[in-house]
């Protein structure tokens, strides 16, 4: 974790060709102070009752998100909706194993989401590698790269387990503990170092929201 | 089918014809003749469809075995054409002019096994991996577990059970003792 | 006694507040009804409120320049502008808004205005899906404007005025005086155009909610998205009130207005649940085909 008092120099987006560098943000994310008292409680209630998930299937577990939309499981009754763009969504469901190639997209999508943003990691692979524990191209712990609010175990978890996970996330948000965005900003250097350790060809902006 | 086996043997020195099933056979040819064999099979033998092409790392013999799966739709027969190439500095004739999709398989083999196909389009580009800087990872002397341990952080507390012993202990605790 | 302009502005705010809440509840209840048709429980009726609160409570937001901010502003201005020139309840001082002679032309203009402003703002976002959404939206809009404009022309010829209040006044006195009874072809063309205007199935490909081509608002987030959601409610309400006024005899009190607009909106759900989604080129061909012919026929009938 970064504990240095001196702020490091801004990352220069050096993975990008020079003509594109000016197009992207070059300021590190900052922490946002929550509102005070009952106002924040009200906001948190609204956030928890209106979970828009990013419709981005990052692994085989994404197949379990589809049944949630059907009449049998019907996630809409819990205020859960899929959204196609990271700008509008507030929950990122990591669908199982994340290869390094996918991790690049996960990081970019996560950073493009507007805070407060929440992450549900689904399946054993996101927790400790699962059945891909010895794979050369699959990360073992997603929480080294982006902050995770709650995990759903199983390989695969059933849609019921997913709904239970969403209820758990609601409790976390209502308790005011869903501060992944601030955690990411606070430990930004640590997360970036971890990401760059596994993503060998970093050809994307360093700050891309 | 033996007629075909004989023709291939006479023309290209094909050997080890093996009928796996009624509709599937395999044959081995010399690596220098692989392109001619495939071209003849496509134009004269009726095997017009390249289902896939892949490689197998036979590290014990020091060779990569390339496999081209062809299909004759008229006869409903598939033929696996094998050819062996040495593991050091492997280089094989490209078949992208015979089948348009061939360059994709060759790009895949170049990235995964390091088998070169001179003249194949985009053969040196990345295929599925991005920024891979190790030896080709499908070679069997690449230690996946060691690489994974060195690169990716492990969550402590992971244990592995022998499935038979574990289930025996769980289901029949008295028998396990 | 004519109320002063200050009082009228105050009334307009009350009227706007009512129509916003009504529009939100309408969207929520229709989503619920759709869910019932599909055999689901469905989202709560008040879900649109939660979504707006949540969008507005986002802590950060990004900008792509000044035009990017102006997109939702124009859209909201289009929604409010549409509503402000329609008398919501006939004969009511409170819900009269700012309607005056010739307001029908203004309303027609404002319906288009929001979409154009949104196109400018979404283009500034620079996302390719925004551009695709904008081109789809404008193409489909141009197509359904034709039968809609034809049926409005027919109504204007029939009543000899462009004043919505006068048109409503002419329809008073029972069902047989409604445009629905006096010029059914114009109503038919307008209702088909309405299906396209409210972007429900089968003409929902423009915004295609929850799918990859979400359309123009791809890059919009946080409070800007909240504005767009609010506008959707106002714009829905405004269109429904306009249709009620032009074709279904208007309303003399708020209860009648609610019942009539609810039933008009229900046409959307009814059709939307029964038909699959059309591609943009299909919907353009559809709108420029039979509905346009019906519209032309209605103009001819009204003229002779």
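What the table below lists for this structure:
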{"quantity": "Filtered residue count, segment C:57-89, keeping only those that are in a loop (DSSP other than H, G, I, E, B) and over 16 Å from residue C:14 (Cα atoms)", "calculated": "9"}
{"quantity": "Residue ID - surrounded by the most Cβ atoms within 10 Å (Cβ to Cβ), chosen from residues in segment A:122-131 that are under 28 Å from residue A:185 (Cβ atoms) and out of contact with any helix residue (DSSP H, G or I) (no Cβ under 6 Å at 6 or more places or on another chain)", "calculated": "A:129"}
{"quantity": "Within segment A:89-115, considering residues that are more than 16 Å from residue A:145 (Cβ to Cβ) and buried (at least 23 other Cβ atoms within 10 Å of the Cβ), the one farthest from the other protein chains (Cβ to nearest Cβ)", "calculated": "A:91"}
{"quantity": "Filter pass, residue B:138 being within 11 Å of chain A (Cβ to nearest Cβ), under 30 Å from residue B:49 (Cα atoms) and at pLDDT 90 or above", "calculated": "yes"}
{"quantity": "Pairs, first without any contact (Cβ under 8 Å) to a residue 12 or more places away in the chain and at the interface with chain A (Cβ under 9 Å from one of its Cβ atoms) in segment C:35-51, second in a loop (DSSP other than H, G, I, E, B) and surrounded by fewer than 17 Cβ atoms within 10 Å (Cβ to Cβ), C-beta under 7 Å, six or more apart", "calculated": "C:35/C:41; C:39/A:71; C:40/A:71"}
{"quantity": "Of all residues making up segment B:113-135, the number that are more than 25 Å from residue A:103 (Cβ to Cβ) and within 11 Å of chain A (Cβ to nearest Cβ)", "calculated": "0"}
{"quantity": "Boolean, residue B:11 is within 23 Å of residue B:100 (Cα to Cα) and surrounded by 14 or more Cβ atoms within 10 Å (Cβ to Cβ)", "calculated": "no"}
{"quantity": "Odd one out for residue A:45, checked against (1) away from chain C (no Cβ under 14 Å); (2) touching a residue at least 60 places away in the same chain (Cβ under 8 Å)", "calculated": "(1)"}
{"quantity": "Residues (surrounded by 23 or more Cβ atoms within 10 Å (Cβ to Cβ) and under 15 Å from residue C:10 (Cα atoms)) located in segment C:96-130", "calculated": "C:97"}
{"quantity": "Counted residues, segment A:185-194 - those being touching a helix residue (DSSP H, G or I) at 6+ places or on another chain (Cβ under 8 Å) and within 12 Å of another protein chain (Cβ to nearest Cβ)", "calculated": "1"}
{"quantity": "Unmet requirement for residue B:147, which otherwise passes all of (1) within 14 Å of chain A (Cβ to nearest Cβ); (2) in contact with a helix residue (DSSP H, G or I) (Cβ under 8 Å, 6 or more places away or on another chain)", "calculated": "(2)"}
{"quantity": "Residue count, segment B:150-167 (criterion: outside any loop (DSSP other than H, G, I, E, B) and more than 9 Å from chain A (Cβ to nearest Cβ))", "calculated": "6"}
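To keep it simple, each residue is scored yes or no on (1) within 20 Å of residue B:124 (Cα to Cα); (2) in contact with a helix residue (DSSP H, G or I) (Cβ under 9 Å, 6 or more places away or on another chain); (3) free of Cβ contacts under 8 Å to residues at least 40 places away in the same chain.
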{"position": "B:39", "(1), (2), (3)": "no, no, no"}
{"position": "B:46", "(1), (2), (3)": "no, no, yes"}
{"position": "B:50", "(1), (2), (3)": "no, yes, no"}
{"position": "B:60", "(1), (2), (3)": "no, no, yes"}
{"position": "B:66", "(1), (2), (3)": "yes, yes, no"}
{"position": "B:76", "(1), (2), (3)": "no, no, no"}
{"position": "B:90", "(1), (2), (3)": "yes, yes, yes"}
{"position": "B:93", "(1), (2), (3)": "yes, yes, no"}
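The rows are residues; the columns are (1) crowded, with 18+ Cβ neighbours inside 10 Å; (2) without any contact (Cβ under 8 Å) to a residue 12 or more places away in the chain; (3) away from every other protein chain (no Cβ under 14 Å).
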residue	(1), (2), (3)
A:133	yes, yes, no
A:140	yes, no, no
A:145	yes, no, no
A:157	yes, no, yes
A:168	no, no, yes
A:173	yes, no, no
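The values are calculated or read from the model by the stated rules, or taken from the named source; none is laboratory data. These figures come from a predicted structure and were not determined experimentally. Cβ atoms come from the backbone with ideal geometry, glycine included; neighbour counts cover every protein chain shown.
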